[in-house]
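A short worksheet on the structure shown next.
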Amino acid sequence: FQCMDRLDLLDQHVGPTPPGGLDVGALNWTYLPALITFKPGRWEGVELDGYQRYVSMDTRAAQGRHRAAGFEDANYRITSILDVRGQWGLVTWFFPYVTPGPLVSAGLPDRFFDPVRMLTHVWSLVAPGGTLFVMNVDLNEDGYQRQLFDEAGIAVKRLGLIESVFDDDDDENHGWVATKPG
């Protein structure tokens, strides 16, 4: 259902954008079909922790690259988002680390926790006239996300609680949309 959930949320909250899509924190990219259905064309998926292994012994990257191989213009990369250059019409960022707790839980080193710098850089990757769509996991993270947008000087629309009929978990997701002036 995650794929349908993401497609439904994008349909509800994101309008037309310039070409190209970038997904920050792609994990194993299970929802790639939703991204491509919503916005056909070139997609980049970026994941910092692509070598995390599953019980099946394959990695996030193996699964993400396998999914990307099914689409002509999809590319899955393992790198820090801070090393990514270019511009995309739609940038999605599902569940960014806005507090240190989730980063620590994921086993990532503290040096990767710099949320204002990351948000500022991600914003630089949005093309003129393009859109940044951010989804946080709960009201607490929503509050921290607001502070980060303020610190980064990004004008953003708070969506508040966002819901999909396809949601299959108990999280109370909150969303944000920022459109870069053309």
Accessible area (Å², per residue) of the range 27-119, counting only protein heavy atoms and a probe of 1.4 Å: 51 Å²
- prompt: Of (i) 41, 35, 35; (ii) 54, 36, 29; (iii) 49, 39, 36, which one was derived for Cα extents along the principal axes in Å from the structure shown?
  reply: (i)
- prompt: For the range 1-76 and the range 153-173, what is the separation of their Cα centres, given in Å?
  reply: 18 Å
message: Give me the dipole magnitude in Debye, nearest 20, for the chain about the Cα centre, with unit charges on the beta carbon: positive for Lys and Arg, negative for Asp and Glu.
response: 820 debye
message: Students sometimes get this wrong: rank Asp171, Asp150 by accessible area, probe 1.4 Å, all chains present, largest first.
response: Asp150, Asp171
- prompt: Label points 7 Å out from Cα along the Cβ direction at Ala155 and Val55: separation in nm?
  reply: 4.9 nm
field: Spacing of the two label points (7 Å from each Cα toward its C-beta) at Asn75 and Asp11, in nm
entry: 3.0 nm
message: Computing the accessible area with a 1.4 Å probe over protein heavy atoms, can you report the carbon and sulfur percentage for the range 47-182?
response: 50 percent
- prompt: In what sequence, largest accessible area first, do His66, His121 appear using a 1.4 Å probe?
  reply: His66, His121
task: Mind ranking 20-26, 98-104 by how tightly packed they are, going by the mean number of other C-beta atoms within 10 angstrom, highest first?
output: 20-26, 98-104
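The values are calculated or read from the model by the stated rules, or taken from the named source; none is laboratory data. Keep in mind that this is a model prediction, so the values were computed, not measured. Note that each Cβ is placed from the backbone with ideal geometry, even for glycine, and that neighbours are counted across all protein chains shown. Please note that ligands, DNA and RNA were not included when accessible areas were found on the heavy atoms of the full protein model with its side chains. Shrake-Rupley method; radii C 1.70, N 1.55, O 1.52, S 1.80 Å.
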